[in-house]
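Note sheet for the following structure.
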């Protein structure tokens, strides 16, 4: 009996360790309006976890709470078993939680290589070197080129970022995010505004870079969600409506009803 009990405790602990990010009763109120309502997330380590829902469902607010751009009204956030509810954005980033945004956030008048090197400077253990000779950063070139190769941008290394097509800019943003060595990547609408070819490229890129890390993403494109997500959480009016794999949530009558009148209705229903 004692061996069985120990094994049970060990297995339970292992299951808890499976989740890299959890929230409990996560709530955000704005002057009486509840934008996020008692959300309980469990993001499994090594998975691609999608957060979806109609416009106004609370997805971006939830992301802002997880990365501490907003403070929760109630509830807790745990990362790797550590309570990070009251930590600042910079502290969370140092722990390995790194976020990209809906609008591509790169330095437009620097080269692709220079953008990645700036992100890599944190690893030097010194302040950013904007005022020093460029030669001091050459030690980062090999790693920067490796990251650009990972996202298929090695041929664009010397191109000025502002001259790049939109989809390639998003790939560059993913490269700069990877330069921060995230354990958990939060991607906010990674394929927003893209044509079909760019969507396919970025979708495959996300799948590729997920090999050694966990990804939590907000995404409207149901083809992307269906194609690469392991687990999907559906939000509606700030609360969790459904959760599971794509087949499970797509067949849920409540999910189909929540999407009625939106562009995704047909995609979710089918």
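Values computed for the structure shown
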{"item": "Pair residue 160, residue 44: separation of 7 Å Cα→Cβ label points (nm)", "result": "4.7 nm"}
{"item": "Burial ordering of 191, 27, fewest other beta-carbon atoms within 10 Å first", "result": "27, 191"}
{"item": "Fewest-first sequence of 224, 151 by Cβ atoms within 10 Å of each Cβ", "result": "224, 151"}
{"item": "Listed peptides 80-88, 53-61 by packing density, highest first (mean Cβ within 10 Å)", "result": "53-61, 80-88"}
{"item": "Rounded if a/c under 1.5, otherwise prolate or oblate - the stretch 127-261, Cα gyration tensor axes", "result": "prolate"}
{"item": "Computed P(r) (all Cα pairs; the stretch 27-66; 10 Å bins; percent)", "result": "26, 54, 17, 3"}
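All of the numbers you see were taken from the coordinates with simple rules; none came from a lab. Everything numeric in this text was worked out from a predicted model, so none of it was measured. Backbone-built Cβ (ideal geometry, glycine too); neighbour counts: all protein chains shown.
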